[in-house]
Amino acid sequence: MKNGFTMRQTLRGIQLFVATYEELSFTLAASRENTTQSGVSQHVGDIESSLGVKLFSRKLGAVKPTPAGSVYYAACIDILNAYEKATLAIKPYQEGIQGEIKVGLTPVMTRAVLAPAYARFIKENPNVTISIIDSYFGDLTDRVRSGELTFAIVPSAVGTKGLRTNLFAKSPEMLVSASKSPHKHCRSLRLSDIGPLDLAIPGPTNARRKMIESYLTSNGVVVRKFAEFDSMLGCLDLISKGEWSAFLPLMMFKSSDFEDSVYTINLIDEPQLNLEMYLVQPARKILDEAATAFIRCLKEEFDRSEKLIRFINPISRKKIRI
């Protein structure tokens, strides 16, 4: 090979090229890959020299992929995936699952799903270290793309360069209000038939905000006043105090929430509103055994929401589609 590259140097160069392509910056690529800006630039330059083609145009400090660069990026993703698969092939020959994973979850996942899934997983896999980041869609997807997080589960499928996105699960949205609400607990509601709502909604940067606003507009739901609450615990506390209601997914609740008298919980119906949750991971990486096993635990705990349907009246149960 030209320039005396070793296989390892070539692989490292590909990693730095992919980082530069996704970040559109030598500086950001260097920060992401824990190296220097000059090192990234040199590696990319060496690849261009060996291939005899420019992969980026560099004008006034801006880095922009050439058509050749875009084609090379797609091929490099396949190479990095193949390298990850080869590395992971030896995992079954090691004793037990080990490793470290960093997981991003939004607040709708952390109230009821996370704790039991985490406790069971750690009991079964004591050699795995898990770090949990509780944040929102934009922050979590940025951290996944940069490689800071192993994966995240978020309520949006908006395509982002450098990420692989797959549907994780769906959860029906509920109208949650105080115990003294005029609505009958655990029954379905057509919101266009009830009086004006005082509704707590997520802030404008929250991925669920547009979904809720679209539903309200499309179905003639009258709202008297809004309160912006990006704090999920704060929102639940506000609801419990009296006049405010909110849209919250079924997966957020525990059986005790249906049995206690703190909240009135109603299925939103005609039409039903489902929250879709998506698994996002770096496109250039394959999830290892520890990450896959933890995802499985989260999904099994997520599926407990189907069991909570028993608290909803029989007519509503027939209508729930998840």
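Coordinate-derived values only; no laboratory data. Given the structure is predicted, the values throughout are model-derived calculations rather than measurements. Don't worry about glycine lacking a Cβ; one is built from the backbone with ideal geometry, like all the others, and counts go over all protein chains shown.
Run the helix sum for the chain: -39,500 (n - 2.57) per DSSP H stretch of 4+ residues, divided by residue count, reported at 222 nm to the nearest 500 deg cm²/dmol.
Numbers: 13 runs with 137 residues, N = 322.
Helix-only estimate at 222 nm: -12500 deg cm²/dmol.
Y215: net charge of surrounding residues, Cβ under 14 Å, Lys/Arg +1, Asp/Glu -1, itself excluded?
Details: positive: R190, R208, R209, K210; negative: E173, E213, D269, E270, E276.
Result for the local shell: -1.
Suppose every K and R has +1 on its Cβ and every D and E has -1 on its Cβ; what is the size of the dipole of the range 1-153 about the Cα centre, in Debye to the nearest 20? Provide the component values of the computation, followed by the final result.
On the way: 16 positive and 14 negative charges, 43 e Å.
The dipole magnitude comes to about 200 debye.
Here is the link list: K91/K285; K102/K299; K85/K285; K54/K161. Which ones come out longer than 19 Å on Cα distance?
Numbers: K91/K285 16 Å; K102/K299 17 Å; K85/K285 9 Å; K54/K161 21 Å.
Where the Cα-Cα span goes over 19 Å, the pairs concerned are K54/K161.
From Cα pairs below 8 angstrom and at least 6 apart in sequence, can you work out the relative contact order of the chain, rounded to a whole percent?
On the way: 522 pairs, mean separation 71.5, N = 322.
Value for the chain: 22 percent.
Which of A169, V128, G147 sits farthest toward the positive end of the charge dipole of the range 127-201, with +1 on the Cβ of Lys and Arg and -1 on the Cβ of Asp and Glu?
A169
So how strong a dipole does the chain carry about its Cα centre when Lys and Arg Cβ are +1 and Asp and Glu Cβ are -1, to the nearest 20 debye?
Here the chain has a charge dipole of around 520 debye.
What is the dipole size for the range 102-144, taken about its Cα centre, with +1 at each Lys and Arg Cβ and -1 at each Asp and Glu Cβ, in debye to the nearest 20? Write out the running numbers ahead of the final one.
Values: 5 positive and 4 negative charges, 34 e Å.
So the dipole magnitude of the range 102-144 works out to roughly 160 debye.
What does the charge count near S70 come to, summing +1 for each Lys or Arg and -1 for each Asp or Glu among other residues with Cβ under 13 Å from its Cβ?
Details: positive: K54, K64, K161; negative: E22.
Net charge in that neighbourhood comes out at +2.
Projecting each Cα onto the charge dipole of the range 28-99 (Lys/Arg +1, Asp/Glu -1 at the beta carbon, about the Cα centre), which of T66, Y93, G45 comes out farthest on the positive side?
Among T66, Y93, G45, the one farthest towards the positive end of the dipole of the range 28-99 is T66.
Where the centre of each part is set by its Cα atoms, how far does the range 95-165 sit from the range 243-279, in angstrom?
Each part's Cα centre sits 23 Å from the other's.
So if I take the centroid of the Cα atoms in the range 208-228 and the same for the range 25-86, what is the distance between those two points in Å?
44 Å
Given the convex hull of the Cα atoms of the chain, what is a quarter of its surface area in nm²?
Working: hull surface 80.0 nm².
Computing the convex hull of the Cα atoms and averaging its projections yields 20.0 nm².
Of the residues E306, E259, E289, which exhibits the maximal mean-square fluctuation in a Gaussian network model of the chain defined by a 10 Å Cα contact cut-off?
Looking only at E306, E259, E289, the largest GNM fluctuation is found for E259.
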